[in-house]
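All remarks here apply to the structure that follows.
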Amino acid sequence: MIFQKKNLALLIVFLAFHPFLDAQISQSINGLSSNYIESVKSDNMGIIWIGTNEGLNALIDGRIYQYQSDLSDPASLLNTQINDIYVMDNNTIIALSNEGLNIFQRSNNSFKQIRTETRPISLYEDPFSNDIYITTENSGLIILNSDIEISQSYKFDVFDPSTISTNNLSSLLDNSGIYFEQNKIWVATDRGLNIINRVDSSVSRRLENAEGSLSSNAINGFSSLKTASSISGAGVDYILIGTNRGLDIYDKKNNNIINIDQFNNSDIRNLTNLNSNLFAMLVNSKLTLLEYDTINQKFESKIIVNEKNNSTFESIYQYENYLVATGEDYLYIFDEDFRVIFEKTSDYPISEVNIKENVLWVGTQNGLTKYNLKESLIKRLGDGTDYYSRNEYYEIQLKDNMFFINDILNETTYEIEVSEDFVNDNNKKIIQKNNYLLALGNSTLHFYNLDFSFFALQFSYNFELELGEVHNIELNEESFYVSTDKGLFEYESDLDNFSDFTFLFPKYEYIYDELSSNKVPPRINDFATVGNNLWISSKTNILSIHQQENLDSTFSYFNFTDDGSNILGTLDKVEDLQYDKDHNVVYAGTDRGLYAFDLESNFVKRITKEDGLISNSIFEIYYQDSILFVQSGQGVNLIKDGKIRSITGEDGLFITSFK
């Protein structure tokens, strides 16, 4: 990859701001009873359990132990095909097969068989009693007590309205299908709501005397929300009910049902409580966040865009600190900020995934693969990338003389052809802010509104005729600056009202004159906005500090103290400036090292190879999210919390050349 000198942070996507997971394939697991994986789970003893269509496998320290069905052995599996595996809270392993349950007996390496009338579908563990609730294909709901014995069952009786509404519980495939309370058990079915009273084991098919009605009788799952009363309002005690036609809220305090309008006629599945007020769910197969605003006492939602072609999912799981979403043949792992930090597409349908201690197991219909996950600082964009930037609205990549725009919110991509005057300028400058893109090349500014894919280019303005050659531009909240041979020109920075007329009437003009106005810096290398001041490096002044409203005035930086080694006397040709607002430090990149101006202590320090830099000759520095990146001719350094580390090939950075 070839890097342009002034685009360090844009060419290498340093996701230390938002670390992503890198995966190295340890191995494809060979020697299983079959490559058709039905389920994969990890227990608390480090054993990986793999269910296939031809038996159960235990992977222990790299060795595979197989378990099969033997009709003459009641301590073997009931059936060869294992449909699912569950690891209970006490580390009990239960494997589901077509004819019932297989409970692994660790003491004698055998199985206890429990036959069911029809195929078991899913298991739910009661946190109050430790009983296990088993849904079946057509024989209702079965309960195992803590001794793993059948203690009770619930079946549909057409003549008895106090029974469950159906024997077919095949739709209960995720963790939200049954919700346990201290006095009630909520069961989702495709034929209505079922509530079991713990005291007398009676079943009610509706919410007694509740005002309002559910969006549908096809119930997909539940979750709950309980908040305490505060100065902002009364607390709530809700049961969230996902249906195939909307999301409903049962208000337990007021005994009424609230239909959430924004989800009308939407299929709501996989309700997952991430923390007290935040939920993840699938809305018409799209991954969606739902958050309860305790101040305004309302729900707000946001679709999580995965920024790729795959926009729908079949299942979501929460593992450790990760949220995993899977489609038919692809999976995504999201971090706590719901950014994609790992993605994988398979050649075969994915049956199940599992994460344990940063090890990812992916089971497909053609084998099991193990991935060792690790946080990585770098994402490679591919050869030929000249620029990359991203905010919450748009992701931008400049490649092959085209801007490739990814509209994150609307899940669309489009291209913008780049003009020749921009392409041919080796010192081009690009600024992205909100939905706007400013691109300067050969003294011509191209202004794009990215909300309009077909008419993104709003205008182009050539400064050279009136102002001379443009060397740099800078944008902050107060002003838009244009540095030319003549001096510095300051304009309004309201991009919503930007047009070519903006440049006809500058706010201020600072014309350089060697005799009468030599404090004005022409041919500016870089700017840094620090409070009400501008720090400027230029061809004529190595470094100068100016009031934003009056660039004719300057402040001397020589009142900074150092360690007695005349650090400021070595300062020469500042290439780049960055302001660390969190620590109130200005960094200056030079060919003699990195200079740190601590504005709190009024102290300046020079950082060099002796302190850990790869090279003293610095091309560019870039600061974001409390991290300073330093690019030199030898590589890249990362500085965070005063600690310096090198970015090397181990992190995925392979530099071939700079230009």
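Values in this text are rule-based calculations from the coordinates and carry no lab data. For clarity, every value in this text was computed on a predicted model and none was experimentally measured. Backbone-built Cβ (ideal geometry, glycine too); neighbour counts: all protein chains shown.
Grab the DSSP H runs of the chain that are 4 residues or longer, score each as -39,500 (n - 2.57), total them, divide by all residues and round the 222 nm result to the nearest 500 deg cm²/dmol. If you can, show how the numbers build up before the last one.
On the way: 3 runs with 12 residues, N = 659.
Per the formula, -500 deg cm²/dmol.
With each label modelled as a point 7 angstrom along the Cα→C-beta vector, the residue 91-residue 337 pair spans 3.7 nm. Note on the range 26-372: Cα-only Rg and Dmax are 20.8, 68 Å.
Based on alpha-carbon centroids, what's the gap between the range 291-353 and the range 154-176 in Å, whole number please? Spelled out, the Cα-based centre of one part sits 30 Å from the other. On full extension, the segment bounded by residue 152 and residue 328 gains 59.7 nm, given 0.36 nm per residue less the C-alpha separation.
Note the direction-averaged projected area, equal to a quarter of the hull surface, for the Cα convex hull of the range 331-482, in nm². Let's see the in-between values first.
Numbers: hull surface 49.1 nm².
For the range 331-482, the mean projected area of the Cα convex hull comes to 12.3 nm².
Taking a straight line from the alpha carbon of residue 519, these lysines sit under 18 Å away, with near neighbours fewer than eight places off in the same chain left out: 486, 539, 573.
Which values, in whole Å and largest first, are the semi-axes of the equivalent ellipsoid of the chain obtained as the square root of 5 times each eigenvalue of the Cα gyration tensor? Before the final figure, lay out each step's value.
Details: eigenvalues 732, 172, 98 Å².
Three semi-axes, in Å: 60, 29, 22.
The residues packed around residue 169, meaning those with a beta-carbon under 12 Å from its beta-carbon, carry a net charge of +1 if Lys and Arg are +1 and Asp and Glu are -1. Full extension of the chain segment joining residue 492 with residue 71 gains 143.2 nm, where the gain is 0.36 nm per residue of separation less the Cα-Cα distance. Hey, rough spin-label estimate for residue 366 and residue 284, points 7 angstrom out along Cα→Cβ, what's it come to in nanometres? Between residue 366 and residue 284, the simple spin-label model gives 3.3 nm. Which residues in the range 183-202 place their backbone N less than 19 Å from a point set 7 Å from the Cα of residue 209 along the Cα-to-Cβ direction? Output list for this probe position: 183-184, 195-200, 202.
Using a Förster radius of 56 Å, what is the FRET efficiency between residue 130 and residue 646 based on their Cβ-Cβ separation? Nearest 0.05, please. Don't skip to the end; give the middle numbers.
On the way: r = 52 Å, r/R0 = 0.93.
Working from the Cβ atoms, E equals 0.60.
Taking 7 Å steps out from each Cα toward its Cβ at residue 44 and residue 478 produces label points 6.0 nm apart.
If you take every DSSP beta bridge whose two residues both sit in the chain, what share of them, in percent to the nearest 5, is antiparallel?
Numbers: 219 of 225 bridges.
Rounded to the nearest five, the antiparallel share is 95 percent.
If you count Lys pairs in the range 231-338 whose Cα atoms are under 17 Å apart, skipping same-chain pairs closer than 8 places in sequence, the total is 4.
The calculated FRET efficiency for residue 455 paired with residue 626, based on their beta-carbon distance and R0 = 30 Å, is about 0.20.
Given 37 °C and 0.692 mPa s, how large is the Stokes-Einstein diffusion coefficient of the range 434-517 in µm²/s, with Rh as the Kirkwood radius over Cα pairs? Show your work: numbers first, answer last.
Working: Rh = 13.5 Å.
Result for D is 244 µm²/s.
For the listed peptides 455-467, 135-147, a ranking on the average number of other beta carbons within 10 Å per residue, highest first, reads 135-147, 455-467.
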